[in-house]
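Enquirer: Please read through the structure below; I'll follow up with questions.
Every read-out reported here was derived from the displayed coordinates using simple, explicitly stated rules and does not represent laboratory data. All values reported here derive from a predicted model rather than from experimental measurement. In this analysis, Cβ positions are derived from the backbone assuming ideal geometry, glycine residues included, and neighbour counts consider all displayed protein chains.
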Amino acid sequence: MKYTNKKLWLLRGLIILVILVLLFIVRPVLDIKSKASAMLASARLLRTDFTKNDIDLLNSDLNSFQAKYTDFEKSAQGIYWVSIIPYVSDFKNGVEAGHYLVLAAKEAVTAITPYADLIGFKKGEASFLQKSAQDRLQTAVLTLDKVLGNIDSISEDIHQAQIRFDKIDPGRYPGKIGNTLVGERIANIKEQFDGIASLFVNAKPLIKSLPEMLGKNKEKTYLILFQDDKELRATGGFLTAYGVFTVKDGKISIERSEDIYSLDNSIAVHPTAPSQILTYHKNVNKFYIRDSNLSPDLPTSVALFNSLYKNSSEKVKYDGIITIDSQVLVDMLTIFGDTEADGIIFSANKTPECNCAQVLYRLFDLVDRPVNYVKTNRKGILGDLMYALFYKAIGFSPTRYWGTLTQQMFKNLQEKHILVYFVDPALEDSIKKLNFGGTINNYSGDYLDVVNVNFAGAKSNLFTTETITSQATSDNGKITKNVTVEFRNPYPQSDCNLERGGLCLNAPLRNWIRVYVPQGSKLGSFQGSLMPVKTYDELGKTVFEGFVIVYPEGKAEVKLSYTLPASIATNNYSIMLEKQAGTDNQKWIVSLDGKTLYDNNLDVDEIIKAN
C-alpha cells in the first residue's frame, strides 16, 4: 500500500512538474517565438523603408517596430527567472541591448526629421522644400544645435547596449548546430556592434563640432588638394590642382580653383629637394609643393606642404585640408550624369583608349598631351569641373541625389579616396580616430603597409596591378615573414614622343617602394631592388626601402624576409593590413604556417585574426 502511495505521489509530482514546465518555460518560449516573428517582420519592413528614403514612412514603421519590440521584450521577461542558466542570461542581455538600440534609433530619426529633405529623405513640408538647396543647407546649419542636442542621449543608449553585449560570451556556444552557424555568428555580431559603437563614440566630437566647422560662429576656410592616383604618391597621388573654399553659416563659396603649378610659381625661391627626391625622382633637384606629399602619413606630408606654402604669395590661412582623388570625380559623375566644364562634356562612362572613365582620359588628353602652343592653367580644368559638379550638387533635389551622394562620399572616406586634415587639434584627433585622416595606424600585433611612389612614370598606375603576399611562419615562438610584392603591366607602351605629340600615359613605372612593418623587425633579405636597400624607423614602424622599375608588357617584384620582434607571439596571431590611400584593386594574400587567412582585394584597412 505504501509503495502504491509513493508511486502516486511520484506521478502527482511529475504532473505538477510538467504543468510548471508548460506554464513557466514552454508557454513563455512559444509566446517569445510568436512575438519574435512579428518583430522580425517589422524589422524587415524598416530595412525596406530606408531604401525608399521616405522619412514619414520610416517614422510610422519605426513606431510600429518599437511597439512590437516592447511586446517581444515583455514575453522574454517570462523566462528571466532562470537567468542563472548562462544561455538565458545571454538572451536577457541581448534583448536588453536591443531595447536601448531601439531607443537610440527612435531619437536619431526624430532628430533628423526636420531636415529630412536636406539629407535625401522625402518629407512633406513645403516651407522647407521651397527653399533653394543652398538656403536649406544654411537653415540646417543655423539650427543644427537642436539636432545635436540628442547626441549625448543617443550615445548613452548605445553605451548601455554595449555594456550588455559585452556580457555575452560566444565561446560557450558550439560553432555550428547542423548547418547553422552559432558561436561564430554571435562573435561576428558582437564584433560588428563594437565597431559601430566605437565609430559613433569617435565621431561624436566631430559631429558636435559640425556647426562650427560649417561656419556658424566664424567663417571657415578649407583647401582642396586634387591627387592624381594614376600617378601614385604616398598620400594617394600626384598633387595636380588645388581649390580654396569658404563656409559661413552653411553658405559655401569657391574662392579659387587653379593648377598646382601656378601655386608652385607663386614661390620665389624653392629649396633643394629632399634626399628621397634626389635619389629616386628623375631630373628634379628642387623641392616643389607638387612633390611635397612624400610621407604616407598625411599630417607629416601637410607639414612638408606648409614648409613651402608659407612662402607662397597666394597662401591663405586655412582651417583644414581635404584631399580627393580621381575615384571621387568618377563617382560624382556617376551620380549626377554628364557634366560640362569649359565647353567640354565629361562622363563616367568607360572609354577604350585607356579602359578607364572618359573623364580621366579627357583630362589626361587636355593636360598632358604636348601641343605647339602654351597651355595656361593647364590643370585648372580639373578645378573647373569640380566647381561645376559642386553647383550641380547644391542645385539638384536633395531627395533625389544627396542620400546617394552622402553614402558614396562616406565610402570614399573609408577607402581613403578622401582624406581630411584639421588645424584644430581636437577635430584632428577625432578625424584620426575615425581613420579618415590618412594617418599611419598603431597596432600591437603584426602590421604591413606597402607604400609605392611613382616618380616620373607617366600614368602607369592606371595599367599596373599589384599583388602582395604575406607568409608568416612560426618556430618556437619566433615569427619569420616572407613578403612578396609583384607588379604587372600587361599593356603596351604609349607613344611618348613629344615631337609627335603623343599622349604618354603608359611608360616605365619608376617606383620608390617602402614596406612598413612592426618596429623592431629585423631584415634578413630584400631582393629585387635596383638601388641600395635602406632600413630605418619612422612613424612608430620599421621601414625597408627600395626601388623598382616596371616596364609596359612586363613585371617586377621584390621579395623580403624578416623576423618580427619577440613581443608579437604566435598564439592569438593577428595582422593589420594598411591600405595606401589612392590604391584600388590591390590584391592581398595572407597566411600563417601555410593556412590562408585572407585572399582578397584590399579596399579598407583590415585586421586579420588567425583564430
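Enquirer: Rounded, prolate or oblate, given the Cα gyration tensor of region 411-477, with a/c below 1.5 counting as rounded? Show your work: numbers first, answer last.
Expert: On the way: a/c = 2.66, a/b = 1.13, b/c = 2.35.
Oblate, because a/c is 1.5 or more while a/b does not exceed b/c.
Enquirer: Run the dipole for region 446-609 about the Cα centre, Lys and Arg Cβ at +1, Asp and Glu Cβ at -1, nothing else charged, and hand back the magnitude in debye, nearest 20. Working shown, then result.
Expert: Numbers: 16 positive and 19 negative charges, 59 e Å.
The dipole of region 446-609 has a size of about 280 debye.
Enquirer: Find out how many positive minus negative residues lie around GLY520, taking Lys and Arg as positive, Asp and Glu as negative, among other residues whose Cβ is under 15 Å from that of GLY520. Don't skip to the answer; put the middle values down first.
Expert: Values: positive: LYS478, LYS481, LYS522, LYS541; negative: ASP446, ASP537, GLU538.
Once positives and negatives cancel, what remains is +1.
Enquirer: Please report the spacing between the Cα centers of region 44-86 and region 97-115 in Å, no decimals.
Expert: A separation of 12 Å, based on Cα centres.
Enquirer: Between region 408-451 and region 529-606, what is the separation of their alpha carbon centroids in Å?
Expert: Using only Cα atoms to place each centre, the spacing works out to 19 Å.
Enquirer: With a sphere of radius 11 Å drawn around the Cβ of TYR447, what net charge do the other residues whose Cβ falls strictly inside it have (Lys, Arg +1; Asp, Glu -1)?
Expert: Working: positive: LYS481, LYS541; negative: ASP446, ASP449, GLU578, ASP605.
My count for the surroundings of TYR447 gives -2.
Enquirer: Test of understanding: ordering LYS68, LYS609, LYS317 by Cβ neighbours within 10 Å, fewest first, what list do you get?
Expert: LYS317, LYS609, LYS68
Enquirer: On to the next question. Working only with C-alpha atoms, what are the Rg and Dmax values of region 446-609, expressed in angstrom?
Expert: 17.0, 63
Enquirer: Measure off 7 Å from each Cα along the Cα-to-Cβ vector at SER83 and GLN527, then give the distance between these two points in nanometres to one decimal.
Expert: 6.2
Enquirer: Neighbouring Cβ atoms within 10 Å as the yardstick, rank LYS416, LYS190, LYS218, LYS555 fewest first.
Expert: Arranged by neighbour count, lowest to highest, LYS416, LYS190, LYS218, LYS555 become LYS218, LYS555, LYS190, LYS416.
Enquirer: Along Cα→Cβ, 7 Å out, is where each label goes; now give me the distance between the ones at TYR551 and LYS282 in nm to one decimal.
Expert: Label-label distance for TYR551 and LYS282, simple model: 1.4 nm.
Enquirer: Give me the distance between the Cα centres of region 488-524 and region 222-270, rounded to whole Å.
Expert: Answer, in whole Å: 24.
Enquirer: Here's something else I'd like to know. For THR467 and ALA38 in one chain, what is 0.36 nm times their gap in residues minus the Cα-Cα distance, to one decimal in nm?
Expert: Values: separation 429, 0.36 × 429 = 154.44 nm, distance 4.80 nm.
Length gained between THR467 and ALA38: 149.6 nm.
Enquirer: By the gyration tensor of its Cα atoms, with a ≥ b ≥ c the square roots of the eigenvalues, what is the shape of region 210-331: rounded for a/c under 1.5, prolate for a/b over b/c, or oblate?
Expert: prolate
Enquirer: Where does each of 318-331, 450-463, 75-88 land if you order them by average Cβ count within 10 Å, highest first?
Expert: For the peptides 318-331, 450-463, 75-88, the packing ranking is 450-463, 318-331, 75-88.
Enquirer: Something else: Can you compute the label reach from THR480? Point 7 Å from Cα along the Cβ direction, backbone N cut-off under 16 Å, restricted to region 515-534.
Expert: Residues 522-527 fall inside that zone.
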